[in-house]
Amino acid sequence: MPSVAAKTTSYADLSSIFPLTHPVPSPLTHPDLLTPKDLHREEDLLRNPNSFRSWWSVLQATRESYVAQQKLERGLEIPEEIRSLLGPLATPSARLNLQRLTYLYESALVHFAGSFKLWKSYLLMRMSFVCGRPVVKKRAGGKKKLAEMKDALEDEVEDLEEWEGPLDPVVGWEEWKELIAVFERALMYLPKLPRLWLMYTSIFFHPACPAILSHTHARRTFDRALRTLPPSLHARIWTRYLLWAERKGGLTTFAVYRRYLSVDPSLSERYAQLLLSPVNSDPRPLEAAKLLLSLARKASRGEYTSPEDKSPYQLLESFIDVVEKFSDQVGLDVEETLESNRTIAEAEESAKEVPEPASIDGKLIRVGGPAVPVTANGDVAKPYDPDEDPLNPKKLNIENILKKDGLGVYKDQAGRLWTGLATYWIKRAEFDRAKETFEIGLKSVLTVRDFNQIFDSYGEFGQSLMDALMESLRDEEDEEEMAETEKELDQQMKDFEELADRRPFLLNDVMIRRNPNDVQEWEKRIALWGEDDEKVAETYTQALETINPRKSTPNLHRLYISFARFYEEGGVSGQAEADLDSARKILEKATKINFKAVDDLAEIWCEWAEMELRHDNYDEAIRVMQRAAVIPKNTKINYHDHTLSAQARLLKSLKLWSFYVDLEESIGTVESTKAVYDKILELRIANAQIIVNYAAFLEENKYFEESFKVYERGVELFTFPVSFEIWNIYLSKFIKRYGGTKLERARDLFEQALEKCPPKSCKSIFLMYAKLEEEHGLAKRAMSIYERATQVVNDEDKFEMYTIYIAKATENFGLPATRPIYERAIEVLPDRQTAEMCLRFAALERKLGEIDRARTIYAHASQFCDPRTSPRFWSEWNAFEIETGSEDTFREMLRIKRSVQAQFNTEASYLAAQTMAARSGGQEAKEDGEESMDAMAAAERQAGKGPAFVAAKATGPAKADGDEGEATAAPAQSTNADEIHISDDEDL
């Protein structure tokens, strides 16, 4: 490797090569520019100097020959030092070709000085010999037209030109300078073409560009481009200008960005990042903080939209991040903050006293106070705020800003804002102020999330502070300093433990602040105090003073009751002396509270009476309930009218009257109890249970007739189905009391009960009525009642009612008397129940020996019985014919069965039959000995047997004999009637 001296010598030797293109080479000054082969070309150009095609063809041919020559010289061995210094001009042929091309381009430009194509080709040629070989980048897709500046900057970074093997800026300084001169000459002829300016400015991004060109000259060139080009093309220049400024850094970046932001503030956030960039040797956190604060305020007013799609709060959060990171450079200390807060408070007070300007039809008329600046549009201009001026060196009052612009606007982000302010004081080593900030935050937030955020940060701060004190204690050598540190450490540990103990109370404070009317949270707070009677009483008092009864959550009355019991039981632990007077005062106060629910007020009165009972003050308990149950003059109020107070609607509270009447029953007299019950009935608030209780009370005290009168009042008050239960009890009590002694009166009662009784409820009353007649009246009247019942009861109960009717008729008049009942039942009952009734009717006729009547009944019932769903009916008929019938009657039964099956054999009825069979699980079929089969198997079997109908043509007696034999043998083989095969051709 050559020594420094040798390297210096080489610089000097190589510098002697230059300048190559100044002055412009010509055949007179450089004889090597032309060869004998070029004479013909020169003569042709002299004859046609204004032919652009001729000049362009010569230039392209010369460049192509240079490219071909360059390929041949790639194998030449050139020292690496010379190649690294001279780059594209490392070979003599390259330097000669540069002069030749320069000579030709300069000669052509004499005739075509306004040709952009010629200038561009010339400039690219000169740049290739100075800047090196351009790197061709592969691109995917096209560029977005009129993109936002943020996107344009990102795209431009990828589009910046790159080169390989440039000319050394020291050795080739003359050529670098001549390249700039050529660009200046080109812009002198074509100043309005942005492409030339972009080519020119791309040189300033070259890593090898001399410093004298890439700094001041570059800045001035960008400024000249902005002054020369029209405003519509400024965006293309500004994109390169801003990227160049970012690369230079320092004051250049700040000056260029400030100029651009005065025109387009969309890059303010990018500028704020540059102000804090670690690459920047001179970070300016105060300017960045003020800029972000200004953007956050403008965004909250709708005057700024972030290109990064950041919300106003996110911009404010960026401001907080800067404040936390650069707390000393951005904000005021504690004393300055307190002084600033006092000044702001005084200014706000004075502003309230200044009279506001009057306005008529939107025109501003000042009647007093300081002057108000007005913009050109007539709007009132905003006053100057040093906090939003990035160039103002005044530091910020962080505490006031976060409270005004943060907590005053973004109440749902209080946790982050309070922790940010506390972190600011921690970074400034103002630990006492940080603790105070944490405490204020914990006592002001309204959500559990914010509370947890602040509390966790508070705990981490306390832990880190203790770790730091212990670390300093290990390194401390001075005993006095060590003792002081130990004392401070003990205090910090004590504070940390107290903070952990206070967490449930602080969290409860948050819930109560969020909803001061939440009764359950107040109850939790009372429970937190444990057995501290003084705090419990204080919390009860505070809760009852704070809660608004009309807005409270449920069970506010339980809070008053619990407070009264607190005094009644002698505190939480029960060790204090019981104070009934205080408990009575609390309950007295509770009775005047307008609760949302009347039952809550009623429970207060009931609890008061129960308290008196617990202490054996029976007369006082009665007096309490008498006070509660005072009936006003106007009793026609609506219990559900919430516009009235709870006290006004209390007289309609059944809960209150039920407790009152129970109390009277327990410790009062019969007369006083009756009076209370009568008041309940007069107020028309009694329910069925009250009626039953009143009647039972009178019955216990041997007032039987009065108890029956109560039942009668009850059935008048209520309608069915409520009165049904009262009638049941009333009638049973009456029959039990009088039996048959007052038969006519009992009959009247039953008739009254049945008069309005709906069909679904009258069954039990009919049965009771009929039983009364059977036991104490006439059997004929009992039977008439049963007959009425079969006509009146609901359809679901008719079958059972007919069954009972038939049983009673059999018992009283014998079996023949039931025939007309069976006939009426068959006419009235539904089809399914008709079949069952017919089976019973047929059994009756068999008992009476009427076989033909029984067969007729079976035939009548068959029309309601599908053989697939009612196998029991057909099996019974089959057994009946086997036992009592003949071959003809048996054939007739089979014919009817097939006819019925054909009648039911439609798609809808078939599916319904299969559904019902599936629900019943095939139990009836299994009882008859059949094997269950699915629908498809049944269909296949049906198809195998042939048509299910009776043939209309007989085929001879031979078949009959065979069929008779089969009919006789079939019952012994199987109980299934379908297994008896009768010829379809037989004339039945």
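Among the candidates Glu174, Glu184, the residue that is closer than 16 Å to Cys131 by Cα and either surrounded by fewer than 18 Cβ atoms within 10 Å (Cβ to Cβ) or among the acidic types (Asp, Glu) (or both) is uniquely Glu174.
Let's see how each residue does on (1) at pLDDT 95 or above; (2) small (Gly, Ala, Ser); (3) at positive phi; (4) more than 55 Å from the chain's Cα centre (by Cα):
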position: Glu174; (1), (2), (3), (4): no, no, no, yes
position: Lys177; (1), (2), (3), (4): no, no, no, yes
position: Pro194; (1), (2), (3), (4): no, no, no, no
position: Phe205; (1), (2), (3), (4): no, no, no, no
position: Ala208; (1), (2), (3), (4): no, yes, no, yes
position: Ala211; (1), (2), (3), (4): no, yes, no, yes
position: Ile237; (1), (2), (3), (4): no, no, no, no
position: Glu246; (1), (2), (3), (4): no, no, no, no
position: Gly250; (1), (2), (3), (4): no, yes, yes, no
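Note on the stretch 422-434: residues that are open to solvent by 20 Å² or more (accessible area, probe 1.4 Å) and without any contact (Cβ under 8 Å) to a residue 60 or more places away in the chain total 4. Pairing residues of the stretch 448-460 that are in a helix (DSSP H, G or I) with residues that are surrounded by fewer than 23 Cβ atoms within 10 Å (Cβ to Cβ) and not hydrophobic (A, V, I, L, M, F, W, C), at Cβ distances under 7 Å and at least 6 apart in sequence or on separate chains, gives Arg449/Gly415; Asp450/Gly415; Gln453/Gly415; Gln453/Arg416; Ile454/Gly415; Phe455/Arg503.
Please enumerate the residues belonging to the stretch 295-307 that are in contact (Cβ under 8 Å) with a residue 60 or more places away in the chain and either surrounded by fewer than 22 Cβ atoms within 10 Å (Cβ to Cβ) or in contact with a Ser or Thr (Cβ under 7 Å, 6 or more places away or on another chain) (or both). Within the stretch 295-307, Ser300, Pro307 qualify.
Every condition in (1) free of Cβ contacts under 8 Å to residues at least 24 places away in the same chain; (2) within 47 Å of the chain's Cα centre (by Cα) holds for Phe254 except the one numbered (1). With respect to the conditions (1) touching a residue at least 12 places away in the same chain (Cβ under 8 Å); (2) assigned to a helix (DSSP H, G or I), Ala807 falls short on a single one, namely (1). How many residues are in contact with a His (Cβ under 9 Å, 6 or more places away or on another chain) and assigned to a helix (DSSP H, G or I) when one looks only at the stretch 526-585? Here the count works out to 2. If only residues of the stretch 435-447 that are in a helix (DSSP H, G or I) and charged (D, E, K, R) are counted, the one that is most open to solvent (accessible area, probe 1.4 Å) is Glu436.
Within the stretch 647-683, the set of residues being among the charged types (D, E, K, R), open to solvent by 40 Å² or more (accessible area, probe 1.4 Å) and touching a helix residue (DSSP H, G or I) at 6+ places or on another chain (Cβ under 7 Å) comprises Lys655, Glu665.
You will find that of Leu601, Leu644, Leu587, Leu613, the residue that is open to solvent by 10 Å² or more (accessible area, probe 1.4 Å), of a type outside the set (D, E, K, R) and modelled with pLDDT of 90 or more is Leu613 and no other. The lone criterion from (1) open to solvent by 70 Å² or more (accessible area, probe 1.4 Å); (2) within 60 Å of the chain's Cα centre (by Cα) left unmet by Phe766 is number (1). Among the residues making up the stretch 846-887, those that are among the β-branched types (Val, Ile, Thr) and in a helix (DSSP H, G or I) are Ile851, Thr856, Ile857, Ile882, Thr884.
Asp38 - would you say it is surrounded by 11 or more Cβ atoms within 10 Å (Cβ to Cβ), at pLDDT below 85, farther than 28 Å from Ile82 by Cβ and more than 60 Å from the chain's Cα centre (by Cα)? Here the answer is yes, as Asp38 does meet what is asked. In the stretch 889-904, the condition of being open to solvent by less than 50 Å² (accessible area, probe 1.4 Å), of a type in the set (Asp, Glu) and assigned to a helix (DSSP H, G or I) is met by no residue. Taking the stretch 38-97 and the helices (runs of 4 or more DSSP H) fully enclosed by it, the elements with 3 or more residues that are touching a residue at least 24 places away in the same chain (Cβ under 8 Å) and closer than 29 Å to Gly172 by Cβ are at 52-72, 80-86. Taken residue by residue, the stretch 401-421 has at least one member that is open to solvent by less than 70 Å² (accessible area, probe 1.4 Å), under 22 Å from Ala345 (Cα atoms) and of a type in the set (Asp, Glu). Within the stretch 886-902, residues that are at negative phi reach partners that are open to solvent by 20 Å² or more (accessible area, probe 1.4 Å) and polar (S, T, N, Q) with beta carbons closer than 7 Å, at six or more positions or on different chains, in the pairs Val900/Gln863.
The values are calculated or read from the model by the stated rules, or taken from the named source; none is laboratory data. Note that the structure is predicted; figures quoted are calculated from it, not measured. As a convention, Cβ positions derive from the backbone with ideal geometry for all residues, glycine included, and neighbour counts pool all protein chains shown. Note: accessible area is taken over every heavy atom of the protein model, side chains too, but ligands, DNA and RNA are not part of it. Shrake-Rupley method; radii C 1.70, N 1.55, O 1.52, S 1.80 Å.
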